[in-house]
Every structure is written in structure tokens, then in C-alpha cells.
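K.L.:
Questions regarding the structure given below will be posed in turn.
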Amino acid sequence: MDWPRIGRSEFVVVHTRGLVSESTQFDPASDPLRVMRSRWLLCLVLAVVGLCAGIAASSLHETETTAEARLAVGSQSLDAYRVAGYAVASEALAANYARFVQDSSSSTDVLEDVLGESVFALTSVTASPIPDSNVIRVEVTGTSPEAVTAAAGAVADNLVAQAIADEAPSANNLLVAHQQLAAKVAAQQEDVNELKARVGTATAPGDVADARRLLTQASARLASLQLRTSVAGLKYQQLETRPAGVETDLRVIQPAAITGDDRRRTIELYGGTGLLLGLALGLIVANLLGPKRQRRRSGRVAGRGETPAPGDRPAGDRAKDRTSARTASRVGGS
């Protein structure tokens with residue numbers, strides 16, 4: 001096949017047009033970020049307006065305040081931790097107390113009694129053990145600083161009251177109870193002895209039956225008193241033989257106090273969102289204004305029938321001219 005022959009000038013024109021068409025497929029003037037940079041003042045103003053609007057909108061959000069109270073299970077002395085397994089047992093007991101606050105309805109009843117209508121200002125009431133310790137942290141969150149502080153203190157005091165109610169009596173109380181039960185056992189034993197003698201002396205069938213019935217009832221009461229006396233004595237012995245320094249009580253080690261709020265986090269969230277929205281709006285507005293201005297300038301020059309000045313020509317046309325000149329110089333040099 002015979003290819004058509006073209007002259008040197010025709011080759012330059014064809015080759016130059018090919019390069020120009022390939023190099024000008026992307027117009028740098030239409031880059032959104034470049035248009036945004038050219039209108040940086042507009043974008044800056046919109047970003048500042050969005051930031052101010054976000055900060056202003058954050059004032060509509062109710063600030064939530066957090067109050068905290070801490071309790072400790074058992075003794076904090078070194079003598080207690082010398083007992084084998086005491087540290088692990090106190091940690092497990094702290095976790096059980098924390099679950100009691102979460103699952104029990106007594107905390108809700110106490111809060112309603114203490115706060116009244118202010119209980120509706122509370123958002124959450126939680127209790128959790130601090131890892132690797134016997135300390136319980138009670139946290140209350142709400143929109144009223146006074147309400148959350150009072151609620152945290154009320155929950156902590158209620159937990160201590162519940163622990164005291166469920167706690168075993170002291171050694172002195174057990175000793176007094178054992179003495180009282182022993183006296184009742186002695187008195188009941190005398191009643192049983194009298195009924196036994198009555199059964200032995202009774203002659204009439206009706207009197208014998210009544211005496212035996214009373215004797216059975218008295219013997220049952222005597223057995224019950226003897227059992228209670230034995231249990232009291234056993235508990236007293238366990239308390240007396242317990243190692244010194246080991247305590248299982250629950251007490252408040254840090255009264256309720258405010259630990260922080262979400263005001264700063266809310267301002268950062270709303271302000272950052274407004275700033276991003278302002279920048280996005282600036283990008284959109286800048287790209288809408290940029291192309292319209294270029295078309296308007298080109299149209300005025302074409303309507304007057306004048307040749308556009310180099311500065312008035314679009315950036316894409318100027319790039320085409322520069323590429324054509326460089327290509328022509330390279331071809332002419334070769």
C-alpha cells in the first residue's frame with residue numbers, strides 16, 4: 001500500500017495539532033480547587049460564618065454534668081491484705097455491690113424521695129468497680145448540677161445502708177442474743193419438766209391426753225430455742241476467731257462531687273461541623289461564580305469584533321498556543 005507523501009510543513013502542522021489535541025483534554029482553569037483558591041476570601045468568609053453559626057447552635061444543646069462518688073469495700077489497712085485471698089474477695093464483693101446498684105429498684109425509689117420532680121433532670125445512673133481495686137465508682141449524669149450531685153450522694157448512702165442491713169451483727173450483739181436465748185431455754189425446760197410430772201400424776205383419761213398434748217407443744221418450743229441458741233453461739237465463735245484487721249464493711253471514701261461536663265465537646269462538635277459546611281458552601285459558590293465570569297469577559301470581546309488580548313484569552317487557549325510553539329520549535333530544529 002502506498003502511503004501519501006506530505007511535505008515538511010504539512011507534517012509539522014499535523015503533528016502539532018495532534019499534540020495540542022492530546023495535551024488540552026484537561027482544562028486547568030476548570031479545576032474546582034484552583035477556582036476555590038482564586039476566591040479564597042469568599043471561602044474564608046463563609047468558613048468563618050459557618051464556624052460562628054455552629055458555635056451559636058451549640059448553645060441550644062443542654063449541657064450534661066457528671067457527678068461522682070466513691071466507696072470502698074473492706075479495710076484499707078495493711079493487716080487486712082496479709083490475709084490470703086482478701087484482696088481478691090474484696091474486689092469480687094465490690095463488683096457485686098456495683099451490680100446491685102444497676103439491677104436494684106431501691107436506687108430509683110431513693111432518688112424519687114430525695115429529688116422529687118428534679119429526678120427527671122437525670123440522664124443516667126451507673127456504678128462500676130475500678131479495676132484491680134476494691135473501690136466502687138458511682139456516676140450520675142444529668143442537666144442539673146445540683147440534682148446530679150445530690151443523686152450521686154443519695155445512691156452512695158443508700159448502698160451503704162443496704163450493706164449495713166445485710167451485714168452480720170457484731171460479736172457483742174450476738175453474745176447478748178445468746179444469753180437471752182439461753183434464759184428462754186432454761187425457762188422452757190422447766191415448763192417441760194412440769195408437764196412431764198403432770199402426765200405422770202394424771203389419772204383421768206381426759207387429763208392425761210391434755211397433759212401429753214401440752215407436753216408435745218412445750219417440747220417443740222424447747223427444741224426451737226435450743227437450735228437458735230446453738231446458731232447464735234456458732235456465729236459468735238466465728239466472729240471471735242476471725243483474724244484481726246479483716247473487715248467487710250462498705251463506706252464512702254469520696255463524697256459526691258462534679259467531675260466535668262460535655263460543654264467543650266459540644267462546642268467542638270458543632271463548631272467543626274459548621275466550619276466544614278462553610279468550606280463546602282464556599283467551594284460550591286466559588287465554582288458557580290468562576291466559569292460565569294470567564295464566559296462574560298470572552299463574550300464582550302467577541303461582540304466588539306476585537307482580538308482578545310493575551311490576558312483576556314482563556315487559560316486553555318493560552319496553554320494550547322504555548323504547546324504549539326514548543327512543538328514547532330522542536331520539529332524545526334530537527
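K.L.:
If you count, for each residue, the other Cβ atoms within 10 Å and average over each peptide, how do 197-206, 37-46, 132-141 line up from highest to lowest?
P.N.:
132-141, 37-46, 197-206
K.L.:
How much length would be gained if the chain were fully extended between Ala197 and Thr216, taking 0.36 nm per residue of separation minus their Cα-Cα distance, in nm to one decimal?
P.N.:
Taking 0.36 nm per residue and subtracting the Cα distance, the gain is 5.5 nm.
Read-outs throughout are calculated quantities, based only on the coordinates presented, and are distinct from any laboratory measurement. The model shown is predicted, which means the values in this text are computed figures rather than measured ones. So basically every Cβ, Gly included, is an ideal-geometry build from the backbone, and we count neighbours across all protein chains shown.
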